[in-house]
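Below is one structure, written out as structure tokens; comments come after it.
Nothing in this text is a laboratory measurement; each read-out follows from the coordinates by a stated rule. All values derive from a computational prediction rather than experimental measurement. Reconstructed Cβ throughout: ideal geometry from the backbone, glycine too, with neighbour counts over all protein chains shown.
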Amino acid sequence: MLRRLGLRAVALGYLVVILLAPLGMVFYRTFEKGLHPVWQALSDPDTLHAFQVTLIATGIAVPLNTVFGVLCALAIVRRRFPGKGLLNAFIDLPLAVSPVVIGLCLFLLYAPRTGWFGSWLSAHGIRVLFALPAIVLATVFVSVPFVAREVIPTLRELGNEQEQAAATLGATRWQRFWRITLPSIRWAVIYGVVLTTARCLGEYGAVAVVSGNIQGQTETATTRVQELTQNFQTAGAFAVSLVLAAIAILVLVAMTVIRPREGAV
Amino acid sequence: MEAPAISTVAAPAARLSRKVGAGGRASTALSLGVISTFLTIVVVLPLAALVWESKKSGSHGFWHIVSSPEAVAALKLTFGAAVVVVLINAVLGTITAWVLVRDDFRGKALVNAVIDLPFALPTIVAGLTLLTLYGPRSPVGVHAAFTRAAIVLALCFVTLPFVVRTVQPVLHELDVEMEEAARSLGAGQFAVFRRIVLPNLLPGILSGVVLALARALGEIGSVVVLSGNIPYHTEVASVFIFNQIETGYPDYAAAVAIVLLAAAFVLLLAVGGLRFFATRHERA
């Protein structure tokens with residue numbers, strides 16, 4: 001009993017020191033001087049624009065990676081082709097590679113003059129680096145794996161007997177996908193979408209490299225936090241962080257609600 | 001009378017299973033085409049650009065950059081801090097998983113949900129939260145900001161869920177009867193843990209450790225606000241790369257990035273190997 005309490009104290013103590021106390025502190029510091037400064041900081045045009053950029057990048061990356069993730073999971077589980085192991089490894093890569101390295105890769109590809117595509121793009125008047133396209137590319141790169149990783153195990157467990165049955169009854173490939181496969185994997189897809197969204201909203205390293213952090217133009221919510229912290233505008237930094245933390249808590253709630261159903265499908 | 005009826009049903013079913021299972025050749029080609037085009041544009045081409053850039057300076061230039069004092073200091077710090085953090089989380093993560101599976105108390109579901117907070121919270125916010133509690137205005141009197149301890153703190157935060165989440169399911173499946181049998185044969189608590197619990201958990205712990213290591217080596221968001229980024233002292237590899245890009249030395253950035261990329265590849269292989277080892281009984 002004593003040992004059990006001891007271990008419980010160690011585990012909970014660690015969580016409090018590392019996770020909960022700092023998070024609580026941010027909430028406290030944000031509202032220390034009341035609601036007004038928070039509101040003021042959030043209605044700053046540059047901050048609003050930063051949120052807008054983040055939302056646009058997320059809005060593009062999440063649907064793209066959802067479709068790609070489902071397609072990829074179907075290919076890996078259901079089809080046979082050479083290079084499957086390689087595909088499997090490449091999907092996981094963005095999880096293991098540093099976001100800064102990802103940012104650097106995009107920088108080397110799209111830098112005006114020196115980048116592979118840089119000179120062609122700038123000759124045609126297309127700005128990728130230090131503009132929205134690079135932010136979107138970085139966000140898509142870092143959030144590639146999540147949907148595929150969630151859907152693959154569910155699809156494996158599902159098997160394909162039901163689809164065979166549907167095929168014997170004359171269902172076409174599309175009908176089988178929309179009526180049988182998709183409804184069966186929907187919770188895994190939703191779970192993956194939640195994780196992808198969280199990753200897109202919170203991406204910092206890769207975006208910081210390729211966005212150029214131009215105030216009111218290419219700043220995202222996370223690089224805005226860094227900018228404000230660096231300039232000692234702590235009230236603003238806390239306010240933006242608070243919004244991001246609130247979204248993170250919503251994500252946690254969604255994860256907790258969805259997870260038990262995943263096995264029940 | 002019945003036997004031929006079954007075989008006539010079974011034969012088309014087998015054909016059908018092949019058809020449904022493997023998919024048509026044309027549609028396989030189409031979906032693989034879409035997948036590989038997407039992956040090439042998003043992942044492969046950028047990585048190729050990095051490898052190309054580092055090759056431009058040649059192997060001599062590469063070693064010259066990687067062995068420059070600032071790069072060496074940054075890499076040493078990064079790998080050192082990552083190993084320390086991973087060891088801390090291996091022990092505390094296993095304890096946390098044990099408490100979540102075997103212990104019972106009010107609010108356990110909440111604690112279980114909170115474990116994933118570092119996955120959900122943007123890393124830059126994580127850094128700022130730690131700065132408010134353990135920084136210059138610390139209400140508890142701990143001023144760890146701009147030191148190496150701050151880096152360990154930040155990395156502990158972001159890698160916390162990995163070991164917990166890889167050990168938890170294994171511990172859940174682990175039969176308590178095995179431990180009870182050992183105890184009934186006179187094994188002490190420590191012997192039961194060391195001889196029975198630990199060997200069963202080890203693959204789980206190790207995969208958590210490898211994933212956490214990969215995460216810790218590349219982390220920037222939480223470190224950048226907390227560590228002060230002082231060259232030779234608190235500048236980790238990812239911040240070094242960032243600073244080299246900002247100051248116009250992409251070749252320096254690329255060389256150190258190649259080291260991190262190689263480490264990521266090795267760790268991915270290790271995860272694959274561990275997964276292969278952990279499922280050896282299912283495959284047999």
**Request:** Go through the range A:135-142 residue by residue and turn each phi into a ³J(HN,Hα) via Karplus (6.51, -1.76, 1.60, θ = phi - 60°); whole Hz please, and just put x for glycine and proline.
**Result:** 4, 5, 4, 4, 5, 5, 4, 5
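Given the -39500 (n - 2.57) contribution per DSSP H run of 4+ residues, what per-residue ellipticity at 222 nm results for chain A, rounded to the nearest 500 deg cm²/dmol? Mind showing how you got there, number by number?
Working: 15 runs with 204 residues, N = 265.
It lands at -24500 deg cm²/dmol.
Using only Cα atoms, what is the ratio of the radius of gyration of the protein assembly as shown to 2.2 N^0.38 Å?
1.03
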**Asked** Quick one: Karplus J couplings for the range B:126-141, per residue in order, coefficients 6.51, -1.76, 1.60, θ = phi - 60°, nearest Hz, x for Gly and Pro?
**Response** 4, x, 5, 4, 5, 5, 5, 8, 10, x, x, 9, 4, x, 9, x
**Message:** Along the charge dipole of chain A, pointing to its positive end and built from +1/-1 on Cβ of Lys, Arg, Asp and Glu, which listed residue (A:Gln175, A:Val243, A:Val16) has its Cα farthest out?
**Reply:** A:Gln175
**Request:** Apply 1/(1 + (r/R0)^6) to the Cβ-Cβ distance of B:Trp63 and A:Phe81, taking R0 = 45 Å, and write down the FRET efficiency to the nearest 0.05.
**Result:** 0.70
**Residue-by-residue Karplus 3J(HN,Hα) for the range B:254-261, coefficients 6.51, -1.76, 1.60, Hz, glycine and proline x** = 5, 4, 5, 4, 4, 4, 5, 5
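Per DSSP H run of n ≥ 4, the term is -39500 (n - 2.57); total these for chain B, divide by its residue number, and report the mean residue ellipticity at 222 nm rounded to 500 deg cm²/dmol. Walk me through the numbers before you get to the answer.
Values: 16 runs with 223 residues, N = 284.
Computed ellipticity for chain B at 222 nm equals -25500 deg cm²/dmol.
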**Item:** Zero-based 10 Å bins, Cα pair distances in the range A:148-265, whole percents
**Value:** 12, 29, 22, 18, 13, 5, 1
**Fill in**
Output for the range A:35-264 (equivalent-ellipsoid semi-axes, sqrt of 5λ from the C-alpha gyration tensor, Å, descending) is 37, 24, 14
**Message:** Given a Förster distance of 22 Å, report the FRET efficiency between A:Arg4 and B:Leu185 from their Cβ-Cβ distance, rounded to the nearest 0.05.
**Reply:** 0.50
**Prompt:** Roughly what would the spin-label model give for B:Ala29 and B:Glu173, points 7 Å off Cα along C-beta, in nm?
**Reply:** 4.0 nm
**Prompt:** Along the principal axes of its C-alpha atoms, what lengths does the range B:58-283 span, in descending order and rounded to whole Å?
**Reply:** 66, 47, 28
**Item:** Dmax and Rg, reported as Rg then Dmax, of the range B:181-238 (C-alpha, Å)
**Value:** 19.7, 58
**Request:** Report, in whole Å, the centroid distance computed from the Cα atoms of the range B:29-105 and the range A:1-79.
**Result:** 22 Å
**Message:** Need one number: convex hull volume per residue for the range B:106-197, Cα atoms only, in Å³.
**Reply:** 160 Å³
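Quick one: order B:His172, B:His143, A:His49 by neighbouring beta-carbon count within 10 Å, fewest to most. Numbers along the way, then the final one.
Working: B:His172 11, B:His143 14, A:His49 17.
With the fewest neighbours first, B:His172, B:His143, A:His49 line up as B:His172, B:His143, A:His49.
Given Cα pairs under 8 Å that are at least 6 residues apart, what percent is the relative contact order of chain B?
Values: 277 pairs, mean separation 73.7, N = 284.
Computed over chain B, the figure is 26 percent.
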